[in-house]
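Trainee: A single structure is presented below for examination.
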Amino acid sequence: MTNAIAVKNAAISIQDLVLELPTPNGDVRVLDGVSFDIAPGEIVGIVGESGSGKSMTALTLMRLLPPGANIVSGQLDFHGVDLSALSPRELRKIRGRRIGMIFQDPMTTLDPVVQVGAQIDEAYRIHHPKASRAEARLRTIEMLELVGVPDAARRAKQYPHQWSGGMRQRAVIAMALVNDPEVVIADEPTTALDATIQAQVLDVLVKVRDELGVAIALITHDLGLIAQFASRAVVMYAGRVLEVAGTHELFDDSRHPYTAALISSRPGSTPRGEDLVTIPGRPPAMDELPIGCPFAPRCVSPFKSEKCDKERPSLEASADGRLSACHYRNERHEVMR
Ligand SMILES: Nc1ncnc2c1ncn2[C@@H]1O[C@H](COP(=O)(O)OP(=O)(O)OP(=O)(O)O)[C@@H](O)[C@H]1O
Ligand SMILES: [Mg+2]
């Protein structure tokens, strides 16, 4: 059984992260006690409905938070180095070099008026100021070939609009990899793509992991992608981690009703012709969280009790070592299919 609790010598280790963001109604706690690890060479899926805090977790790691954001507490380690203690200068040496980031929409990363190759060259030269233009271009072509861009030397001279969506996303991945990072954070890297291209691009990420040993955080709202591409999963809800488990365990034996509900509501989880099971209600507003379990108002588990409305369960190990923030973490939570 995969040990979901702690990864020794983690590439990334997040402990009890609490983040507040300013809003017109005052500061709102959008992450509360987020903890998980990513081992070197591991693909960890981070999944949850919209607004659950997936992107804020990624942006905290990269320290790319919106103005006024406040990391109230928590430990963010990168290979044992506390990222929150680094100066902006030290952080710049890690961000984009040792930790790469891939965003959902390639056009937020690519400049439409600059040749694709030149943008990747530039990403390399920022961190390798002594490299010549020719060296940078060789590196760019090597990376484009790695991510499966055909005829890379010629295509590097084209502009983003001359590339298809799938090819642009490959370029963004090449850019994230050009400095040989140990960790890549991919925030919904394929949401803008159709299913076939999506699978091809994610295959590229798996290849990158296999060939370069890069650890990958794959952020998605699609549990199907997690099942296919990640070895472990972190399930987030209302700024909290509700379950962490190996992918097989998560699907075979969910220990949180929210995970079970997410699995049940996956497109394709019901036989053709039957209605898709949906999770009733919506996630709570972050400034109006219930006192008890944040999922309790939507929970349809037969185990649900008064305790769920009164007492907030923390992320803890079950009797058999599974991590769940449910009072009934020792129970198997049935998936409706
Ligand atoms: N700039 C901001 N200022 C204030 N609150 C914000 C800001 N950006 C996001 N939030 C809030 O932070 C919480 C977490 O948002 P986050 O973007 O991390 O969710 P997510 O899981 O990435 O969702 P999605 O699947 O839609 O990308 C949400 O409640 C959101 O409304
Ligand atoms: Mg997001």
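The values are calculated or read from the model by the stated rules, or taken from the named source; none is laboratory data. Bear in mind the structure is a predicted one, so any value in this text is a computation, not a measurement. Every residue, glycine as well, gets a Cβ built from its backbone with ideal geometry; the counts of neighbours run over all protein chains shown. Areas reflect the complete protein model, heavy atoms only, side chains present, ligands, DNA and RNA absent. Shrake-Rupley method; radii C 1.70, N 1.55, O 1.52, S 1.80 Å.
Trainee: Pull up the range 123-159, narrow it to residues that are open to solvent by less than 30 Å² (accessible area, probe 1.4 Å) and among the small types (G, A, S), then point me to the one that is farthest from V172 (Cα to Cα).
Mentor: Restricting to residues being open to solvent by less than 30 Å² (accessible area, probe 1.4 Å) and among the small types (G, A, S), the top hit is A131.
Trainee: Then there's this: Kindly evaluate I120 against the criterion of being outside the structural domain of I71 (by TED's automatic domain parsing), among the β-branched types (V, I, T), open to solvent by less than 30 Å² (accessible area, probe 1.4 Å) and part of a helix (DSSP H, G or I).
Mentor: yes
Trainee: Checking the conditions here, which among G68, G100 is in a loop (DSSP other than H, G, I, E, B) and touching a residue at least 40 places away in the same chain (Cβ under 8 Å)?
Mentor: Step by step, each of G68, G100 is checked, and only G68 is in a loop (DSSP other than H, G, I, E, B) and touching a residue at least 40 places away in the same chain (Cβ under 8 Å).
Trainee: Something else: Identify all residues within the range 234-268 that are in a strand (DSSP E or B) and within 24 Å of E20 (Cα to Cα); write none if there are none.
Mentor: The answer is V234, V235, M236, Y237, R240, V241, L242, E243, V244.
Trainee: Restricting the search to the range 35-52, which residues are in a loop (DSSP other than H, G, I, E, B), open to solvent by 10 Å² or more (accessible area, probe 1.4 Å) and either more than 9 Å from ligand 2 (Cβ to nearest atom) or farther than 17 Å from G224 by Cα (or both)?
Mentor: A39, P40, G41, E42, E49, G51
Trainee: Within the range 181-195, identify whether any single residue is open to solvent by less than 40 Å² (accessible area, probe 1.4 Å) and at positive phi, and answer yes or no.
Mentor: Yes, that holds for at least one residue.
Trainee: Looking at the range 177-207, which of its residues are more than 24 Å from I126 (Cα to Cα), assigned to a helix (DSSP H, G or I) and among the aliphatic types (A, V, I, L, M)?
Mentor: A195, I197, A199, V201, L202, V204, V206
Trainee: Among the residues of the range 226-243, which ones are of a type in the set (F, W, Y) and open to solvent by 10 Å² or more (accessible area, probe 1.4 Å)?
Mentor: F229
Trainee: Something else about it: How do the pairs read when you match residues in the range 183-196 that are touching a residue at least 60 places away in the same chain (Cβ under 8 Å) with residues anywhere that are outside any helix (DSSP H, G or I) and loosely packed, with under 14 Cβ neighbours inside 10 Å, using Cβ under 7 Å and keeping only pairs 6 or more apart or on different chains?
Mentor: none
Trainee: Yes or no: the range 216-225 includes at least one residue that is open to solvent by 10 Å² or more (accessible area, probe 1.4 Å) and either basic (K, R) or at pLDDT 95 or above (or both).
Mentor: no
Trainee: Continuing with this model, one more query. Go through the range 57-106 and give me each residue that's more than 21 Å from D180 (Cα to Cα), open to solvent by 10 Å² or more (accessible area, probe 1.4 Å) and within 16 Å of ligand 2 (Cβ to nearest atom).
Mentor: Matches in the range 57-106: L65, P66, A69, D105.
Trainee: Related question: Out of all the residues in the range 160-170, is one or more touching a Phe, Trp or Tyr at 6+ places or on another chain (Cβ under 8 Å) and either open to solvent by 10 Å² or more (accessible area, probe 1.4 Å) or closer than 30 Å to S264 by Cβ (or both)?
Mentor: No - not one qualifying residue is present in the range 160-170.
Trainee: Give E311, E274 a once-over and let me know the one that is among the charged types (D, E, K, R) and at pLDDT 95 or above.
Mentor: One residue alone meets the criteria, E311.
Trainee: In addition: Return only the number of the condition from (1) open to solvent by 30 Å² or more (accessible area, probe 1.4 Å); (2) within 30 Å of D121 (Cα to Cα); (3) small (G, A, S) that A174 does not satisfy.
Mentor: It fails just one condition, (1).
Trainee: Pull up the range 197-238, narrow it to residues that are polar (S, T, N, Q) and without any contact (Cβ under 8 Å) to a residue 60 or more places away in the chain, then point me to the one that is farthest from ligand 1 (Cβ to nearest atom).
Mentor: Applying the filter and picking the extreme gives Q200.
Trainee: Answer with yes or no whether T60 is of a type outside the set (G, A, S) and modelled with pLDDT of 90 or more.
Mentor: yes
Trainee: Follow-up. Considering the range 298-325 alone, what residues qualify as being in a loop (DSSP other than H, G, I, E, B) and under 23 Å from the mean Cα position of the chain (by Cα)?
Mentor: Those that are in a loop (DSSP other than H, G, I, E, B) and under 23 Å from the mean Cα position of the chain (by Cα): S314, L315, R322, A325.
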